[in-house]
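Inspection log for the structure reproduced underneath, given as structure tokens.
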Amino acid sequence: MRTLLSILIASLLGSSSLFAGEPDVSATAATSKLVGANVANPERSNGRPDQTLLNQMIGDWDVDYAIYDEHGNVRHYLGSATYRWILDGTAIQEIWTSNYHDRKAQPYGTTIEFYDARREHWTAIWIYPEKGMYYSLSGGATAGSIVLSGSDQEGVMQRWSTGNFRGNSFVGRFEASKDGGKTWRMVGVNRMQRHQTHGVDR
């Protein structure tokens, strides 16, 4: 259950070995217009690299969580995620909800991402207050996807990958390794669809 709950975040990250598709550039332009004020302030770049991939994720999303146990059995949960630029466009905050308690989807965790100019990579800090859980991952863009890696509080390596950007959808994959990265087990796949209200993007 610890692993299931810790990986229910569909967050930022993607490996070229996991995602074959390149981002939909035309959809990126449309998304930037859609999110308006939530797009990072270009005058406050602070040395950040191109943020095309990140800007695609800003907004409100419906989430289909597929969570795998150690035997490969899968359970599905539904929820939502919001991505917002905060702190004058210098960081992103994600807020995640899920119905894993067999009730209406409730908020359960948040992630803050920021670009560390000194180390030249993005860092994500995942916080799950109910379980007293927090850890950080770092990485960046790889062949049209975003990949972050790190370890949780128990020393288990985590790898978050986000890719398959198609304007109104993308996929997050979450893996864990208990042998120092020699082998990886798929823990979760989050299929993200941009939330719509009465057929119009919100």
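A few points about this structure:
- Considering segment 91-103, the residues that are at negative phi and more than 17 Å from the chain's Cα centre (by Cα) include one that is surrounded by the fewest Cβ atoms within 10 Å (Cβ to Cβ), namely Arg103.
- Any chance Arg75 is closer than 20 Å to Thr52 by Cβ and basic (Lys, Arg): no
- The residues on offer are Glu113, Glu120, Glu154, Glu130, and the sole one that is of a type in the set (Asp, Glu) and under 19 Å from Gln56 (Cβ atoms) is Glu113.
- Of the residues making up segment 104-126, at least one is under 17 Å from Tyr83 (Cβ atoms) and touching a His at 6+ places or on another chain (Cβ under 8 Å).
- Criterion (of a type in the set (S, T, N, Q), modelled with pLDDT under 90 and loosely packed, with under 15 Cβ neighbours inside 10 Å) met by exactly one of Gln56, Gln51, Gln106: Gln106
- Strands (runs of 3 or more DSSP E) wholly inside segment 113-195 that include at least 2 residues being without any contact (Cβ under 8 Å) to a residue 60 or more places away in the chain and not charged (D, E, K, R): 121-128, 133-142, 145-151, 169-177
- Top-ranked residue of segment 173-202 - restricted to ones that are surrounded by fewer than 16 Cβ atoms within 10 Å (Cβ to Cβ) and touching a Gly at 6+ places or on another chain (Cβ under 8 Å), ranked as modelled with the highest pLDDT: Asp201
The values are calculated or read from the model by the stated rules, or taken from the named source; none is laboratory data. Treat the numbers as computed from the prediction; the structure is a model and nothing was measured. All Cβ positions, glycine included, derive from the backbone under ideal geometry; neighbour counts span all protein chains shown.
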